Structures are given as C-alpha cells and as structure tokens.
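Engineer: Once you've had a glance at the structure underneath, I'll fire off some questions.
The values are calculated or read from the model by the stated rules, or taken from the named source; none is laboratory data. Remember, predicted model here, so these are calculated numbers, not experimental data. Neighbour counts are summed over all protein chains in view; Cβ atoms, including those assigned to glycine, are modelled from backbone coordinates with ideal geometry.
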Amino acid sequence: MSSQQQGDSQKGKKNKSEPFGELMKTMNDFLQEKPVKGFLQTIDDFFKNPFPVAPFHVETRETDKEMIITAELPGIKKDQIHIDLKGNYLNISVQQNELLKEEDDHNQIYRKRQFLQHASRTIALPRPVNEKFVKAAYRDGLLEIKIPHEKGKIIEIE
C-alpha cells in the first residue's frame, strides 16, 4: 500500500467518526450556554450538599451524678439550636435559614436563593426531669446537655 493510499484510508476513518464528533461538539456547546449551564450548575450544587442539617449524631452517657447528652452540630450557630423538654422527652432541633445572593456585573446576572432546612432528634429519658436543673453549653460545634440525677427522699420505717 502506498503512502498516498494510507493517507486516503486514514482520512476515510476520520470522516466516518467526524459526524459523531460534530454531534458531541454541538451537545457540548448547547450545555455550556447560559440558561442550560445555570440550571445544570444548580443541580450539581444540590447534589454536592443536599441536606447540610441532616439528622445529626447524638450520644447519651450516664455518670453517677448526671446524664450527659452530646450532639455534634458543626457549622451551626448557637441561635439556630432549640432545646425543648417535655416530661421525659428531650427534643433538640436545628433550623438553618440561609440566603445566597450572586451578582455578576459583567453579564448582569442576578441570582437569589433561600434555603430553609430543619432537623431534629428526640431522646427518651428514663424518667421525667425537672427543667430547672438542666444545663446546656455549646462550643466548637458540640452541644452538651447535662441532666443531674434527682435524689429521691429516703423514707424511714417506724
């Protein structure tokens, strides 16, 4: 086979795959255009971090003097945490309200997105608790709730 024939056969191979290559280029250009690209970016952002306040890890342990409940809440501010005590149930809830604004002066694009997310955990306690003695502290993404054991009244037998 001469070098001319080899060149022609390679051109033939190129021409056969080019319609597919042209289709891929057209699709790529379409996906990079502004309305489609912005929509696809929004979907990508959602799947990167769909539920940042998803159910959080809670651990309960007891000592001789108290019950200690810890909840891991990284990135949450103190004012977003609510603790509710009813009877022998302790509810820890987190509400995150975030407003994101994006402005691009060059393309004059303005985007505003608001996220409202809520997560809660309820812990059943072995007995009803007097809320006056419950103490909570929040530091470095770790919520710690201390519930002292109540001493019962000793009754003497006559």
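Engineer: Please find, within the stretch 46-64, the residue that is surrounded by the most Cβ atoms within 10 Å (Cβ to Cβ) out of those that are touching a strand residue (DSSP E or B) at 6+ places or on another chain (Cβ under 8 Å) and at pLDDT 90 or above.
Structural biologist: 58
Per-residue answers, yes or no, for (1) touching a Gly at 6+ places or on another chain (Cβ under 9 Å); (2) surrounded by 13 or more Cβ atoms within 10 Å (Cβ to Cβ); (3) assigned to a loop (DSSP other than H, G, I, E, B):
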residue	(1), (2), (3)
71	no, yes, no
75	yes, no, yes
102	no, no, no
145	no, yes, no
156	no, no, yes
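Engineer: Could you please let me know if residue 112 is within 30 Å of residue 33 (Cα to Cα) and not small (Gly, Ala, Ser)? Break it down stepwise before answering.
Structural biologist: Details: within 30 Å of residue 33 (Cα to Cα): yes; not small (Gly, Ala, Ser): yes.
Considered against the rule, which asks whether it is within 30 Å of residue 33 (Cα to Cα) and not small (Gly, Ala, Ser), residue 112 comes out as yes.
Engineer: Separate question: Would you be able to tell me the number of residues in the stretch 83-99 that are surrounded by fewer than 12 Cβ atoms within 10 Å (Cβ to Cβ) and either within 23 Å of the chain's Cα centre (by Cα) or of a type in the set (S, T, N, Q) (or both)? It would help to see each step written out before you state the result.
Structural biologist: The initial filter retains those residues of the stretch 83-99 that are surrounded by fewer than 12 Cβ atoms within 10 Å (Cβ to Cβ), namely 86-87, 97-99.
In the following step, the residues that additionally are either within 23 Å of the chain's Cα centre (by Cα) or of a type in the set (S, T, N, Q) (or both) were identified as 97-99.
Of the residues in the stretch 83-99, 3 are surrounded by fewer than 12 Cβ atoms within 10 Å (Cβ to Cβ) and either within 23 Å of the chain's Cα centre (by Cα) or of a type in the set (S, T, N, Q) (or both).
Engineer: May I ask you to list the residues in the stretch 111-131 that are at pLDDT 90 or above and surrounded by fewer than 10 Cβ atoms within 10 Å (Cβ to Cβ)?
Structural biologist: Within the stretch 111-131, 124 is the sole residue that qualifies.
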